[in-house]
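The values are calculated or read from the model by the stated rules, or taken from the named source; none is laboratory data. Just so it is clear, the structure is predicted and the values come from calculations on it, not from any experiment. Here the Cβ is made from the backbone with ideal geometry for all residues, glycine too, and neighbour counts use every protein chain on show.
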Amino acid sequence: MKRNALSGLIILWLSLSVSGYGRAMGDQDSTTSKEKMKEQKGAVLKTKSLEIDFSKYRAAFLELGSDRCIPCRQMQPIMKEIAATFPDDVLVVFYDVWEDPAPARKYKVQLIPTQIFIDAEGKEIFRHMGLYPKEEILKVLEKMGVRK
C-alpha cells in the first residue's frame, strides 16, 4: 500500500516537472506597461491589459490559457504562425489567466485553452475550447474575411 502511494507521488512530481509547473518560461514574459503593450506586427501580444483596440485589424484571435498548461503550450507555435502569416489583418493576443484571472472573468472562460475570435468592432464571432488545429483557425479567419 505504501509503495503505491509513493509511486503516485513520484508520478505526480514528474508530471508537474515536465509540464513546467511552477517555473516561468524564459521567452514568455507577461507585459504590463503601456510601452510593452504596443502590438508588434507579426508577433503574439502577451498582455494583462483588457483595453485593446481591435479596430485596427480585420480580426483578433485571443488565446486564454497559461504558460504552464500543456495544451496551451501546444497552441503557442500555432499562434505565432497565425501572427506571422497575417501581420496586417489579425491581432493575436495571449492572456495567461493563471497569472491574472481578469481576462478569464471578462470573457467567461470555463476551460483553458479557449480561443476567441473578435471582429474589428469588438464583437465575438466564434469561440473554441481546447487545442485548436491551425487549419480550423484558418477556416474561421477566412469566414471573417481574412485571406492569404
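Restricting segment 69-79 to residues that are in contact (Cβ under 8 Å) with a residue 12 or more places away in the chain and farther than 16 Å from Val109 by Cα, which is surrounded by the most Cβ atoms within 10 Å (Cβ to Cβ)? Step by step, filter segment 69-79, then rank; the result is Met79. Of all the criteria given as (1) within 14 Å of Leu50 (Cβ to Cβ); (2) out of contact with any strand residue (DSSP E or B) (no Cβ under 9 Å at 6 or more places or on another chain), the one not satisfied by Ala104 is (2).
Within segment 32-44, take every residue that is over 14 Å from Val93 (Cβ atoms) and either of a type outside the set (Lys, Arg) or buried (at least 20 other Cβ atoms within 10 Å of the Cβ) (or both) and give me the one that is modelled with the lowest pLDDT.
Glu35
Here the helices (runs of 4 or more DSSP H) wholly within segment 68-148 that include at least 1 residues being farther than 21 Å from Gln40 by Cα and under 12 Å from the mean Cα position of the chain (by Cα) are 70-85, 102-106. On the stretch given as segment 45-63, residues that are crowded, with 18+ Cβ neighbours inside 10 Å, over 13 Å from the mean Cα position of the chain (by Cα) and not in a loop (DSSP other than H, G, I, E, B) total 1.
Against the definition (at pLDDT 50 or above and surrounded by fewer than 13 Cβ atoms within 10 Å (Cβ to Cβ)), how does Ser66 come out, yes or no? It is false that Ser66 is at pLDDT 50 or above and surrounded by fewer than 13 Cβ atoms within 10 Å (Cβ to Cβ).
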